[in-house]
Amino acid sequence: MSITIACPDCGEEDDLVGTEVSGHIRLHCGACGREWIRSNQSECSTCGGTDLQVVPLAIVERSRGTQLSILGTRPVTLCSACDRETLRHYHAHRPSPLMPTELPTMGEEHMNA
């Protein structure tokens, strides 16, 4: 689960500008011009919970044959309620980063050869 912020009118996710105002964030959508206020506190887009954790997610690439290499990590925000099992797995295997749910694989044309 990632925190996704989108314009409530047009759904734009990229062309947004935010400024902090009294503990809230005033957002402006460059696509349609809509402005709205959101809490400065992040919340889960699925359940609305505020117990969130930022953990490292591995960036994986096929390096040679079927060998996978971790090129780095990127932070992802997970909800303690919605992502309970994923967080349990992460904490059990720390300091290793989370692995992506989909790994790069060989194309089907190579698998049938």
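At full extension, Ser69 and Cys10 could sit 17.4 nm farther apart than now, given 0.36 nm per residue minus the alpha carbon distance. Note on region 39-92: percent of Cα-Cα distances in each 10 Å bin, starting at 0 and stopping at the bin with the largest distance, equals 22, 38, 26, 11, 2. Label separation (Arg26 vs Leu103): 4.9 nm, computed from points 7 Å beyond Cα along the C-beta direction.
What a 1.4 Å probe finds exposed on region 54-97 is 50% carbon and sulfur by accessible area, rounded to a whole percent. Seen from Arg34, the other residues with C-beta closer than 10 Å to its C-beta sum to a net charge of -3, counting Lys and Arg as +1 and Asp and Glu as -1. Enclosing the Cα atoms of region 2-52 in their convex hull gives a volume equal to 77 cubic angstrom per residue. In a fully extended conformation the segment linking Cys82 and Arg62 would gain 4.2 nm over its present Cα-Cα distance, using 0.36 nm per residue. Peptides 77-87, 94-104 ranked from most to least packed by the mean count of surrounding Cβ atoms within 10 Å: 77-87, 94-104. The coefficient of translational diffusion for the chain, derived via Stokes-Einstein from the alpha carbon Kirkwood radius under 25 °C and 0.890 mPa s, stands at 145 µm²/s.
The values are calculated or read from the model by the stated rules, or taken from the named source; none is laboratory data. Source: prediction; values computed, not measured. FYI the Cβ positions are ideal-geometry reconstructions off the backbone, even for glycines, and counts take in every protein chain you see. These area figures cover heavy atoms from the full protein model, side chains too; ligands, DNA and RNA do not enter into them. Shrake-Rupley method; radii C 1.70, N 1.55, O 1.52, S 1.80 Å.
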